[in-house]
Every structure is written in structure tokens, then in C-alpha cells.
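See below for the structure under consideration.
The values are calculated or read from the model by the stated rules, or taken from the named source; none is laboratory data. Remember, it's a predicted structure, so these values are computed and weren't measured experimentally. Ideal geometry is used to build each Cβ from the backbone, glycine not excepted, and the neighbour counts take in all protein chains shown.
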Amino acid sequence: MELRQMEYLVALADERHFTRAAELTGISQSGLSAAIRGLEEELGTSLFIRTTRRVEPTEAGFALLPYARAMLEQAAGARDAVVKASRDLAGSLRIGAEQCLGLVDIAALLDRFHRRHPRVETHFVQAGSHDLLGLLRAGELDVAFVATERHLSGLPRLEIGREPLLALLPPDHPLATRASVRWEALADESFIDFGPAWGVRTLNDEAFAARGVHRRVRCSVNDVHTLLDLVCRGLGIAVVPRHVAAKPQASGLRALPIAAEDAPEWTVSAVSSGRDRADSPAAHLLELVKEPRG
């Protein structure tokens with residue numbers, strides 16, 4: 001058994017979906033399927049039950065899962081110990097992130113960076129993507145994790161991943177029985193959306209405007225769980241990244257794909273100021289982002 005196979009196993013068990021697990025681990029879907037099949041052949045048993053809509057671990061898969069997580073945790077700890085012993089990094093690091101990015105776990109990243117570089121004093125701020133980029137350009141942040149491709153000209157950028165947007169509706173909504181929806185079909189709806197500084201708000205505003213569709217934003221929020229609560233209460237619908245629609249708080253809602261030719265992609269990136277040295281805390285944080293999760 002190889003460490004990468006354990007990474008794929010954990011991702012697939014967590015996501016229960018080959019496409020999402022492949023995106024999370026940075027491998028093609030066919031490559032992920034081949035790796036899981038190879039692991040199953042090596043162990044002589046099936047680890048997942050595959051259906052047309054979902055993937056579920058078998059009893060053997062569930063039995064292997066805690067050991068896989070432990071292997072990944074030990075490997076990450078080993079790498080951190082080596083780096084800590086060989087690089088006595090000091091200084092400060094100012095980090096910003098939009099809330100609930102999904103494709104990167106900011107809390108886990110900050111924790112791991114601190115364990116690896118305990119002498120670096122870290123400062124963290126949470127804000128909308130456009131506000132974060134303003135702080136970055138003003139020299140008040142070293143690295144920002146943002147969900148926008150706007151206003152990035154001239155800034156070094158590491159793309160972390162992409163997700164489609166989904167329309168999120170109460171189950172009794174007239175459109176809830178559809179398999180998918182187009183932007184134009186949402187023209188007369190009331191919307192719950194994030195504040196103007198959030199990346200997804202820009203995507204939504206531009207997508208509707210490009211199609212000549214006027215929309216009414218009834219509630220503007222700065223918290224994912226408030227948005228989901230308001231949609232659940234029937235105060236409006238929302239267009240959100242896929243991982244938001246997959247949250248437990250959204251389990252009672254209907255998530256509709258937006259017709260593929262119409263849907264922009266929601267993109268998460270780590271953006272730096274470009275003023276830091278190759279051996280700076282910011283550079284080491286970005287190194288950590290590139291490492292396999294574990």
C-alpha cells in the first residue's frame with residue numbers, strides 16, 4: 001500500500017464522488033479509479049460500492065479508513081518534523097481568506113504551518129475576496145486565499161481548484177423538480193446572496209448581467225450558514241459553489257446544476273504580494289499548499 005493510495009481512499013470516502021475526489025487530490029478521474037482498483041486488487045476485496053449516483057465504502061473500506069488517515073497524519077508529521085529541524089524559520093506572516101472556501105481548509109493549513117514553523121508569528125483575517133485583494137495590494141497581507149479571478153493582474157497566483165455553481169432552492173419551489181436550470185429561468189426570483197466583496201457575488205452579478213437578466217437580491221449576507229438558513233426558510237433562492245450546496249445545513253434543499261454552457265466556474269486561488277523572498281514565511285506557506293493533503 002502506498003501513501004498516495006491512502007490519500008485517494010480518504011478523499012473518495014469523504015466526498016463519496018469520483019469527480020470531486022479527483023479534483024480534491026489533483027488527479028484525473030480515470031487515474032483515481034485505477035489507483036483504487038489497484039488497491040482493491042492488492043487487498044483482494046472491494047473497498048467501495050459504486051452506483052450511478054454515489055460511491056459508498058464497503059465494510060472493508062470502513063475498516064481500512066482509520067488506518068489510512070493515521071498513515072497520512074504520520075507522514076505529514078514526519079515531513080513537518082524534518083522541515084522544523086532543518087529550517088529555523090522566523091518572522092511574521094499575514095494571511096487572509098474568504099469564509100468557507102471548501103477547496104482548502106484554512107484552519108488546518110494554519111495549524112500545520114504553525115507546527116512546522118513555530119517561531120513565525122501568524123496573523124489571520126477573514127473578509128470578502130475583493131477586500132482581501134485590496135489589503136494585499138496595500139501591503140497589509142502577505143498571502144490571500146480568494147475566490148475570484150478578477151483584479152489579479154500582476155499578482156503571483158497559485159490556483160487551488162474550481163467548482164461549478166448550483167442553484168439552491170427550497171424543495172417546494174416550482175423549479176425544484178427540474179433536472180437543471182438556466183439563468184433566464186431565475187429572472188423573477190428573489191435572491192439571497194453574499195455581500196459585494198465576495199467572489200461568488202461578482203460571478204452571479206456578471207452572469208445575470210451578461211444575459212440581460214435583472215434580479216432582485218432580497219438579502220445580502222456575509223456568512224454561509226445565514227445564507228442557507230434564509231433559503232431554508234423560503235425567503236429566496238441562491239446560486240452558490242457546489243461545496244456550499246453539499247453542506248449538511250443544505251440537506252433539505254434542492255440543488256440544480258446550471259446548464260453547462262451557461263455556468264461560469266468558481267475558482268479558488270492563493271495570491272501573494274510578489275514582494276517576498278524565496279525563503280520567506282509566505283513562500284513556505286505556499287509550499288505547504290502544494291503538498292498532498294494528509
Exercise. Scan the range 123-140 and report the pairs whose first residue is within 18 Å of P281 (Cβ to Cβ) and outside the structural domain of G195 (by TED's automatic domain parsing) and whose second residue is surrounded by 14 or more Cβ atoms within 10 Å (Cβ to Cβ) and basic (K, R), with Cβ atoms within less than 7 Å and a gap of 6+ or a chain change.
Key: H123/R94; E140/R94
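May I ask you to list the residues in the range 107-122 that are basic (K, R) and surrounded by 14 or more Cβ atoms within 10 Å (Cβ to Cβ)?
The answer is R112, R115, R116.
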Practice problem: Could you pull out every one of the helices (runs of 4 or more DSSP H) wholly within the range 165-263 that has 3 or more residues that are without any contact (Cβ under 8 Å) to a residue 40 or more places away in the chain and farther than 22 Å from R20 by Cβ? | Solution: 199-210, 224-232
Quiz item: Can you name the condition, by its number, that T19 falls short on among (1) surrounded by 13 or more Cβ atoms within 10 Å (Cβ to Cβ); (2) touching a helix residue (DSSP H, G or I) at 6+ places or on another chain (Cβ under 7 Å)?
Solution: (1)
Practice problem: With the checklist (1) modelled with pLDDT of 95 or more; (2) among the β-branched types (V, I, T); (3) more than 22 Å from I160 (Cβ to Cβ) in hand, flag the one item V213 doesn't pass. | Solution: (1)
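Residues being in a strand (DSSP E or B) and either over 26 Å from the mean Cα position of the chain (by Cα) or among the aromatic types (F, W, Y) (or both): count how many of those fall in the range 37-67.
1
Yes/no per residue for (1) surrounded by 16 or more Cβ atoms within 10 Å (Cβ to Cβ); (2) of a type in the set (A, V, I, L, M):
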position	(1), (2)
R137	no, no
A144	yes, yes
E159	no, no
V181	yes, yes
A187	no, yes
Self-check item: Enumeration of residues in the range 221-243 that are in contact with a Phe, Trp or Tyr (Cβ under 7 Å, 6 or more places away or on another chain) and either farther than 16 Å from L168 by Cα or of a type in the set (G, A, S) (or both)
Solution: N222, G236, A238
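Could you list, in sequence order, all residues of the range 18-36 that are under 15 Å from the mean Cα position of the chain (by Cα) and either in a loop (DSSP other than H, G, I, E, B) or not assigned by TED's automatic domain parsing to the domain that holds T52 (or both)?
Of all residues in the range 18-36, those under 15 Å from the mean Cα position of the chain (by Cα) come to 19-26.
If the condition is that a residue be under 15 Å from the mean Cα position of the chain (by Cα) and either in a loop (DSSP other than H, G, I, E, B) or not assigned by TED's automatic domain parsing to the domain that holds T52 (or both), then G26 is the only one that fits.
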Quiz item: If you check G212 against the conditions, is it surrounded by fewer than 18 Cβ atoms within 10 Å (Cβ to Cβ), more than 23 Å from the chain's Cα centre (by Cα) and in the same structural domain as A283 (by TED's automatic domain parsing)?
Solution: no
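Looking at the range 48-55, is at least one residue at pLDDT 90 or above and not assigned by TED's automatic domain parsing to the domain that holds A108?
Step one: list which residues in the range 48-55 are at pLDDT 90 or above, which gives 48-49.
Those left that are additionally not assigned by TED's automatic domain parsing to the domain that holds A108: 48-49.
Yes, the range 48-55 has at least one match.
For the range 112-119, does any single residue satisfy the condition of being touching a helix residue (DSSP H, G or I) at 6+ places or on another chain (Cβ under 6 Å) and of a type in the set (K, R)? Reasoning before the result, please.
Just the residues of the range 112-119 that are touching a helix residue (DSSP H, G or I) at 6+ places or on another chain (Cβ under 6 Å), to begin with: 113, 115-116.
Filter once more, keeping what is of a type in the set (K, R): 115-116.
For the range 112-119, residues touching a helix residue (DSSP H, G or I) at 6+ places or on another chain (Cβ under 6 Å) and of a type in the set (K, R): present.
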Practice problem: Could you identify the single residue in S46, S92 that is closer than 16 Å to L9 by Cβ and hydroxyl-bearing (S, T, Y)? | Solution: S46
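Residues in the range 243-257 that are crowded, with 19+ Cβ neighbours inside 10 Å and either of a type in the set (D, E, K, R) or out of contact with any helix residue (DSSP H, G or I) (no Cβ under 7 Å at 6 or more places or on another chain) (or both): how many? Talk me through it step by step, then tell me what you get.
Step one: list which residues in the range 243-257 are crowded, with 19+ Cβ neighbours inside 10 Å, which gives 243-245, 250, 253-254, 256.
Checking the rest, the ones that are also either of a type in the set (D, E, K, R) or out of contact with any helix residue (DSSP H, G or I) (no Cβ under 7 Å at 6 or more places or on another chain) (or both) come to 243, 245, 254, 256.
So the answer is 4.
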Quiz item: Given (1) of a type in the set (D, E); (2) under 21 Å from the mean Cα position of the chain (by Cα); (3) part of a strand (DSSP E or B), where does D111 come up short, assuming only one miss?
Solution: (3)
